[in-house]
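The values are calculated or read from the model by the stated rules, or taken from the named source; none is laboratory data. Remember, it's a predicted structure, so these values are computed and weren't measured experimentally. Ligands, DNA and RNA are excluded from the accessible area calculation, which covers all protein heavy atoms including side chains. Shrake-Rupley method; radii C 1.70, N 1.55, O 1.52, S 1.80 Å.
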Amino acid sequence: MAILGCALISASACMGGTSKVDATPLPTVYAPPYICDHVPKVAVERVTGVVDPLVTGSLPLPGEDRPVVGACSAFEPTGERRAVLRIMLDTGGSRGQIENQLRDGVSEQLPEIVPDGFGFYTVDPNEETRAGAMLVKGKARLSIELVKGVEGRDNAADVVALMKLIAPKLIPAAGTEENG
């Protein structure tokens, strides 16, 4: 009888249970372990909902003797290995790109993250878990595309928080890039 009672309790718990969304905010302190050399792994896991994602690419820290260019992608570790997050760092940025994006009315301006930086964030109106952000400073451009976020999380807030976390490390210090 006790076994049957336990089985019924377990079955009802399984049938009535819904998975709870992890609403834990992203970390605000930049700390290891990292993916792609300089992106905190815990932040990636929270925004994507993927534990131990497969990762390709690297994002180098800015240097005086080299351009700031890199890419990082995180993928689901099973099935079709679809990308869940992409981060690009390049030298093709301009303030005009951001102004044009903000003019369309779909995007919102990022808060100040790095001195003289200017950016936007947006959510795909057709896919609630897809969000993105772009920050430019001079010619340096850092973009984050959350291809597949977590349903039930604030994906726009997640890309902003991720930008706040990594941009100060990846965007050059004042005076190292010309204005665009």
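Students often get this wrong, so check it: of 41/164; 137/164; 148/169, which have C-alpha atoms separated by over 22 Å?
148/169
Accessible area per residue of the stretch 63-139 at 1.4 Å probe, in Å²?
Averaged over the residues of the stretch 63-139, the accessible area is 56 Å².
Of the heavy-atom accessible surface of the stretch 41-180 (probe 1.4 angstrom), what whole percent is carbon and sulfur?
Working: 3210 of 6940 Å².
That share works out to 46 percent.
Roughly speaking, what is the stretch gain from residue 80 to residue 58, that is 0.36 nm per residue apart minus the C-alpha to C-alpha distance, in nm to one decimal?
Extra length from residue 80 to residue 58 when fully extended: 5.7 nm.
State the extension gain, in nm to one decimal, for the chain segment bounded by residue 127 and residue 51, taking 0.36 nm per residue of separation less the distance between their alpha-carbons.
So the extension gain works out to 25.2 nm.
How many percent of Cα pairs in the stretch 33-180 exceed 19 Å?
49
Taking only C-alpha pairs under 8 Å that are 6+ residues apart, what is the relative contact order of the stretch 76-124 in percent?
This gives 25 percent for the stretch 76-124.
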